[in-house]
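Read the structure below first, then the notes.
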Ligand SMILES: [Zn+2]
C-alpha cells in the first residue's frame, strides 16, 4: 500500500514548518492541506491514514557519507542491513562509499552493483565511484565512462587523494562535471594512535588548504568530507566567499562530542577524524548555523562484531551512525538551543541535496520519500538494538530524544516504530 494520508503533523517544506496534512497517492505526494483531506475523504478505503499529531513530517533524510561494505565485507555490513539501519534513522537515500572489494571503479562494477541494490536496498542508494583504480592511489578511473553510467560523486574515502594525482583528477572532473569528495588526512602528520593526539587537526586542514587551492585553479566541484576542526571551517568559509564551487559536511559525533567524552570501551569513540576540542565543536556548530557547512553526513562506518572485540591500535576506525543521527543531534543541539529545528532538518535534506543536485523539497507530484519524527519520544541507545551489523557507537548508553517513527520511500513503508523489532 503506497497511498497515505498523514494528518495533523507539523510539515517541513520550503524551509519552513507548518501544520498541514499530506496525501500520498501511488508513491507520490498528491496534495497538502485541505486538498489532501478532501482527496482522502473521496477514496479513504484505499488509503492508510496516519495520525501525525505531535509529530514532525519531513522529506526523508539524505546521507552523503555511508559505508555499506558490500561487496566484499558482508561480515561488517550489507546493503540489506545498512539500508535497514538507514530507514530506521529516517534516511530515504544514502550515498555509498566505494571502499569495498572490489571497489566501484568502472562501469562494469556498477553493472554488478545495481542488481544487488534492486534486490536488497530498503532506501535509495547513490553509488560513489572511486577516484583511482582499486583505490590504490596510482591511476585515475575513467571519469567520463562512469559519469556516462550515471555517477556524479567520486571519492577514495578512507584514503586521501595523492598530491601527485590531485591536479589531473580535478582538471578532468571539472571538464566532466563530477564532484570530488576527499578524505582529509595527511598521513605524514599522523602518528600511531587512536585519538586526536595521534591524528592532529593539521593533518586535516593542511590537506584541505591544498585541495581548495587546486579547486580554485581547476574549477572542480569539491566536497570536503567529515570536517572536524575549527581551521577547516574557516577555510571553507573563505573558499565560499571567493565563489569556489565548494561544499562540506560534518558528522553527528563531531557536532555533539569532544575528546572529553571519550569513555570505555574506547572503540565506541574511535573514528577518523577523531573527536577534538570544545572549541572545534563550537566552530563546527557555528559553521552549520551560518551555512558554511552544508550538510550533516553520518560517516556510518560499521565493522560488524569484529571491532567490539578489538579495541587497540590494530582496531579498525569507524562507528555506526545512521540510526542515532537525528536523536543525537536533536537532543544535543536543538533541545539545548544551539540549533533551530529547521536548521537541523535543512542540513539533513536541502543541504546534502545541493551536493547531489537534488531538490529535496516536498512538492505535489514529487516522490513520497518521507520521515515522520516523534520529537517527544525518548529511548536509550542499546548496543544490542542496532539494525546495522556495526554496534560501536559513542551514543551507546545515552538516553536520546526525537526518534523517527515512520519512514516511507516512494510511499512504501520502510520503517515503522510500531512494527519495529525492538
Ligand atoms: Zn573518510
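Bear in mind that the values in this text are calculations on the coordinates, not laboratory data. For clarity, every value in this text was computed on a predicted model and none was experimentally measured. Here the Cβ is made from the backbone with ideal geometry for all residues, glycine too, and neighbour counts use every protein chain on show.
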| note | Rounded to the nearest whole number, the per residue volume of the convex hull around the C-alpha atoms of the chain in Å³ is 128 Å³
| said: Testing the spin-label approximation: label points 7 Å from Cα along Cα→Cβ at residue 314 and residue 167. State their distance in nm. | reply: 4.2 nm
| Peptides 275-286, 173-184: what's the order by average Cβ count within 10 Å, highest mean first? | 173-184, 275-286
| task | Calculate how steeply helix 79-88 sits against the longest principal axis of the alpha-carbon atoms of the chain, using the helix alpha-carbon long axis, and give the answer as 0 to 90 degrees to the nearest 10. | result | 60 degrees
| So what's the angle, to the nearest 10 degrees on a 0 to 90 scale, between helix 107-120 and the longest Cα principal axis of the chain? | 40 degrees
| said: Could you work out the relative contact order of the range 259-371? I mean the mean sequence separation of Cα pairs under 8 Å and 6+ apart, divided by the number of residues, in percent. | reply: 26 percent
| Stretch residue 306-residue 380 to full length: gain in nm at 0.36 nm per residue minus the Cα-Cα span? | 24.3 nm
| query | Once the Cα atoms of helix 230-241 and of the chain are each reduced to a long axis, what angle between those two axes, in degrees from 0 to 90 to the nearest 10, is obtained? | reply | 80 degrees
| query | Mean separation of Cα pairs under 8 Å and 6+ residues apart, divided by the residue count of the range 61-355: what relative contact order is that in percent? | reply | 18 percent
| Simple spin-label model, 7 Å along Cα-to-Cβ: residue 53 to residue 242 in nm? | 5.6 nm
| request: Mind checking the full-extension length gain between residue 136 and residue 278? Use 0.36 nm per residue of separation minus the Cα-Cα distance, one decimal, nm. | output: 47.6 nm
| task | Beta carbons within 10 angstrom, averaged per residue: use that to sort the peptides 84-95, 235-246, highest first. | result | 84-95, 235-246
| message | Quick check on packing: order 99-105, 327-333 by the mean number of other C-beta atoms within 10 Å, highest mean leading. | response | 327-333, 99-105
| said: Quick check: pseudo-label points 7 Å beyond the Cα along Cα→Cβ at residue 419 and residue 290, how many nm apart are they? | reply: 4.6 nm
